[in-house]
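Participant: This structure is in structure tokens; I'll ask about it shortly.
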Amino acid sequence: RTVYVNGQYLPETEASVSIFDRGFLMADGVYEVTSVLGGKLIDFGGHQARLERSLTELDMKKPVAFDDLLEIHRELVRVNEIEDGLIYLQVTRGSDGDRDFVFPDPDTTEPTLVLFTQSKPGMAKTPVAKTGLRIVSIEDIRWGRRDIKTVQLLYPSMGKMMAKKAGCDDAWMVEDGFVTEGTSNNAYIVKGNKIITRALSSDILHGITRAAVLRFAREAQMEVEERNFTIEEAKSADEAFVTSASAFVMPVVEIDGAAIGDGTPGQRAPRLREIYLEESLKAAI
Ligand code: PLP
């Protein structure tokens, strides 16, 4: 696999970053994951806009211009012959060659930019989309700026492990009695014709897939209600689902052992998945 590190395309075994990099020492970095379908980038503009926002919120420099980033994505897709898969992009604050809590001088310290691809042939046709996910609820004990897509993924990783231990696929996190989001996705319930999901705030990541799916839901004459919901309400909903750049729209069929609806993906989540894949493929670049 060829990867990109700070201006260079290299075999993955030859790519390196300083051990003093603040991404490594302090999780001082942000990331984006963009899907590739049919060799094209899904919602690149959305991911780029969120990356810029994450960088701004953390007072980090933008490593390269939008056009260059697009070119790097396309080059990695080309050289690695990615038909379907993901592109991972990470920007960290870099380092001035020592460990210090104080940020290094931005005039003399360059951010570290790393990109790599993950090939996932046929990922839009994964059989899980037909059977749905089984979810456990866990407490949300992450920091208060979940709207910034930082590489601090220890707790979400622990959440996935808790889910696995419970024989489930993923976890939904709960704060003050209300669902915030999934470990790596936004969470939704469906009641009748209504799609319910938590409103945007610093409590959750502003999903790029979320924005697109809510738009498509409205266009398909579904009602959208952005408000808090509890695990109890989710258990008695007609359907539930999650969204993310890598899972698209994925039905949820069980929460804490309780079947959602009749325990199958239902109607609306699969329909939204279909619309999302169709429309975002049309708009892919
Ligand atoms: N929420 C969290 C915590 C995530 O990590 C992610 C994606 O990684 C999402 C939501 C979904 O965001 P997007 O649709 O932009 O992938």
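Participant: Put +1 on the Cβ of every Lys and Arg and -1 on every Asp and Glu Cβ in region 128-283; which of Ser157, Ala258, Asn228 then has its Cα farthest towards the positive end of the dipole?
Facilitator: Ser157
Participant: How fast does region 1-61 diffuse by Stokes-Einstein, in µm²/s, taking the Kirkwood radius from C-alpha pairs at 25 °C and 0.890 mPa s?
Facilitator: 178 µm²/s
Participant: Run the quick spin-label model on Ser201 and Glu223: label points 7 Å from Cα toward the beta carbon, then report their separation in nm to one decimal.
Facilitator: Here the answer is 2.2 nm between the modelled labels.
Participant: Can you list residues whose amide H is under 5 Å from Glu110's amide H, if they're 5+ apart or on another chain and H is modeled 1.01 Å from N?
Facilitator: Ser95
Participant: List, in the order given, every pair from Lys40/Lys282; Lys191/Lys235; Lys40/Lys149; Lys62/Lys149; Lys194/Lys235; Lys164/Lys194 whose Cα-Cα distance in the structure shown is over 20 Å. Let's see the in-between values first.
Facilitator: Working: Lys40/Lys282 10 Å; Lys191/Lys235 11 Å; Lys40/Lys149 23 Å; Lys62/Lys149 15 Å; Lys194/Lys235 15 Å; Lys164/Lys194 30 Å.
The pairs that break the limit, which is 20 Å between Cα atoms, are Lys40/Lys149; Lys164/Lys194.
Participant: Against the empirical 2.2 N^0.38 Å scaling, what ratio does the C-alpha Rg of region 185-238 come to?
Facilitator: Working: Rg = 11.0 Å, N = 54, 2.2 N^0.38 = 10.0 Å.
Against the compact-globule rule of thumb, the ratio is 1.09.
Participant: Would you kindly derive the ³J(HN,Hα) couplings of region 150-160 from the backbone phi angles with the Karplus curve 6.51 cos²θ - 1.76 cosθ + 1.60 (θ = phi - 60°), listing them in order in whole Hz, with x for Gly and Pro?
Facilitator: Along region 150-160, the couplings run 8, 7, 6, 10, 5, 5, x, 5, 4, x, 4 Hz.
Participant: By counting other Cβ atoms within 10 Å of each Cβ, how are Lys130, Lys149, Lys235 ranked from fewest to most?
Facilitator: Placing the least packed residue first, the sequence is Lys130, Lys235, Lys149.
Participant: For each of Phe20, Phe216, count neighbouring Cβ atoms within 10 Å of the residue's Cβ, then give the residues from fewest to most.
Facilitator: In order of increasing Cβ crowding within 10 Å: Phe20, Phe216.
Participant: From the gyration tensor of the Cα coordinates in region 2-120, what semi-axes in whole Å does the equivalent ellipsoid have, largest first, with each one equal to sqrt(5λ)?
Facilitator: For region 2-120, the ellipsoid semi-axes come out as 26, 16, 11 Å.
Participant: Sticking with this structure for a sec: If you take the charge dipole of region 50-110 about its Cα centre, with +1 on Lys and Arg Cβ and -1 on Asp and Glu Cβ, which of Gly97, Leu55, Ile72 is farthest toward its positive end?
Facilitator: Looking along the dipole axis, the top candidate is Leu55.
Participant: For a footprinting-style exposure proxy, rank Lys40, Lys61 by other Cβ within 10 Å, fewest first.
Facilitator: Details: Lys40 16, Lys61 13.
Least crowded to most crowded, the residues run Lys61, Lys40.
Participant: In Å, the Kirkwood hydrodynamic radius of region 202-282 over pairs of distinct alpha carbons?
Facilitator: On the way: mean 1/r = 0.0747 Å⁻¹.
Averaging 1/r across every pair of different Cα atoms and inverting gives 13.4 Å.
Participant: Could you work out the relative contact order of region 2-120? I mean the mean sequence separation of Cα pairs under 8 Å and 6+ apart, divided by the number of residues, in percent.
Facilitator: 37 percent
Participant: Over all distinct alpha-carbon pairs, what is the Kirkwood Rh of region 128-283 in angstrom?
Facilitator: Final number for the Kirkwood radius of region 128-283 is 15.3 Å.
Participant: Relative contact order (percent) for region 164-285, with alpha-carbon contacts under 8 angstrom and 6 or more residues of separation? Walk me through the numbers before you get to the answer.
Facilitator: Working: 201 pairs, mean separation 27.6, N = 122.
With pairs under 8 Å counted, the relative contact order is 23 percent.
Participant: How compact is the chain by the rule of thumb for globular proteins, expressed as Cα Rg over 2.2 N^0.38 Å?
Facilitator: Values: Rg = 19.3 Å, N = 285, 2.2 N^0.38 = 18.8 Å.
Dividing the Cα Rg of the chain by 2.2 N^0.38 Å gives 1.02.
Participant: So if I place +1 on the C-beta of Lys and Arg and -1 on the C-beta of Asp and Glu, and nothing else carries charge, what would the dipole magnitude of region 2-120 be about its Cα centre? I want it in debye, nearest 20.
Facilitator: Here the size comes out at about 320 debye.
Where a number appears in this text, it was derived from the coordinates with a stated rule and is not lab data. Predicted model, so just to flag it, every value in this text is computed and none were measured. All Cβ positions, even for glycine, are placed from backbone atoms using ideal geometry, and neighbour counts span all protein chains on display.
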